[in-house]
1. If we scan the range 126-137, do we find a residue that is closer than 20 Å to residue 210 by Cβ, out of contact with any Ser or Thr (no Cβ under 9 Å at 6 or more places or on another chain) and of a type in the set (Asp, Glu)?
2. Return yes when residue 4 is at pLDDT below 95 and among the polar types (S, T, N, Q) and no when it is not.
3. Which of (1) buried (at least 18 other Cβ atoms within 10 Å of the Cβ); (2) touching a residue at least 60 places away in the same chain (Cβ under 8 Å); (3) assigned to a loop (DSSP other than H, G, I, E, B) is the odd one out, the single condition residue 202 does not satisfy?
4. Find the residue count for the range 125-168, including only residues that are basic (Lys, Arg) and in contact with a strand residue (DSSP E or B) (Cβ under 8 Å, 6 or more places away or on another chain).
5. For residue 174, only one of the following conditions fails: (1) surrounded by fewer than 15 Cβ atoms within 10 Å (Cβ to Cβ); (2) within 22 Å of the chain's Cα centre (by Cα). What is its number?
6. Can you pull out every residue in the range 141-152 that is in contact with a helix residue (DSSP H, G or I) (Cβ under 6 Å, 6 or more places away or on another chain) and either closer than 18 Å to residue 182 by Cβ or touching a residue at least 24 places away in the same chain (Cβ under 8 Å) (or both)?
7. Has the range 301-312 got any residue that is touching a Pro at 6+ places or on another chain (Cβ under 8 Å), assigned by TED's automatic domain parsing to the domain that holds residue 84, over 30 Å from residue 91 (Cβ atoms) and surrounded by fewer than 16 Cβ atoms within 10 Å (Cβ to Cβ)?
8. Out of all the residues in the range 126-140, which are crowded, with 17+ Cβ neighbours inside 10 Å and over 21 Å from residue 61 (Cα atoms)?
Amino acid sequence: MVFQHTPVMRDEAIGALHCAKGKTMVDATVGGAGHAKAIAERILPEGLLIGIDRDAAAIAHATAELASFSRRVRLYQGSYTQLGDVLDELDLDGVDGILLDLGMSRYQIESSGRGFSFRKDEPLDMRMDTGTRTTAADLVNRLSEVELKRIFRDYGEERWAGRIAHRIVQDRRRSRITTTRKLSRIVRQAIPAKSPARQRIHPATRVFMALRIAVNRELEELETFMDHLCDWLNPGGRFCALSFHSLEDRIVKHQLKNMASGCTCPPGMPRCICSGSPRMRIVTRKPLRPTDAEVQKNPLARSTRLRAAQRL
């Protein structure tokens, strides 16, 4: 398994979390364990590190990477939305820090064989947790043209969503679309050759991202997690999120803003009537971005936005 050994914005994330000996910290998307290892080195042996990931391969890799810390590390396969269940199992009321790295690992893109990339001809799967039922092929071959258009437009922000959805529905009448190469070819044919987007990036980029988000219910999972974030952090505890596209970053930004204001009144109310109290303090007024040097070494980091906040 080839996992990304250099975690994105590692030093910035570790600094935002205020890691220190004896703290209980959570890496809620453990992935290649790069962030987790850096956290463990700063909080152990007195502290406790909890790692979660939907991908069984990531948990197996993290188990090996963190073997020297294993006595004070707990790893769980599952969604980060299940953190509450994990804390109940460990008899913990809360933790001192939570890291949420929403990027994909290099292993998933290059070596998993699940069709996350259009650069190889692989089964159209895209499941982070292979124990779940719905694959990208299921969506592509089963959803209506209207539903496919919505996914490509809302999740991929794809300008040609309607044309692509129409072409997919036409093509699947002849035979099922089951491979990344076939889907990539269909998308390329649907987008006008002179489209600036087609010339700037691979024409299938946004469609593949949108399908991955839909298959794994990524935005719904993130919203659920953010709804419970304050319940899982101890007073003074830190939260750090690494987002890789605007939809994720928007959810994190707006949810943190709501928690920092404390107001739960519906938008448009002339004045606050809920008397809500702020629960979080935003640490990063503007998102931190990776340095030019990091982007040169790791082009996957170029779109990263880091936001951090502290529980009051």
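The values are calculated or read from the model by the stated rules, or taken from the named source; none is laboratory data. Please read these numbers as outputs of a predicted model, since none were measured by experiment. Cβ sites come from the backbone with ideal geometry, for glycine too, and all protein chains shown count toward neighbours.
1. Within the range 126-137, none of the residues are closer than 20 Å to residue 210 by Cβ, out of contact with any Ser or Thr (no Cβ under 9 Å at 6 or more places or on another chain) and of a type in the set (Asp, Glu).
2. Here the answer is yes, as residue 4 does meet what is asked.
3. Condition not satisfied by residue 202: (1).
4. Summing the residues that are basic (Lys, Arg) and in contact with a strand residue (DSSP E or B) (Cβ under 8 Å, 6 or more places away or on another chain) in the range 125-168 gives 0.
5. For residue 174, the failing item is (2).
6. 141, 145, 148, 151, 152, listed by residue number.
7. yes
8. Once the filter is applied, which keeps residues that are crowded, with 17+ Cβ neighbours inside 10 Å and over 21 Å from residue 61 (Cα atoms), the range 126-140 yields 135, 136, 137, 139, 140.
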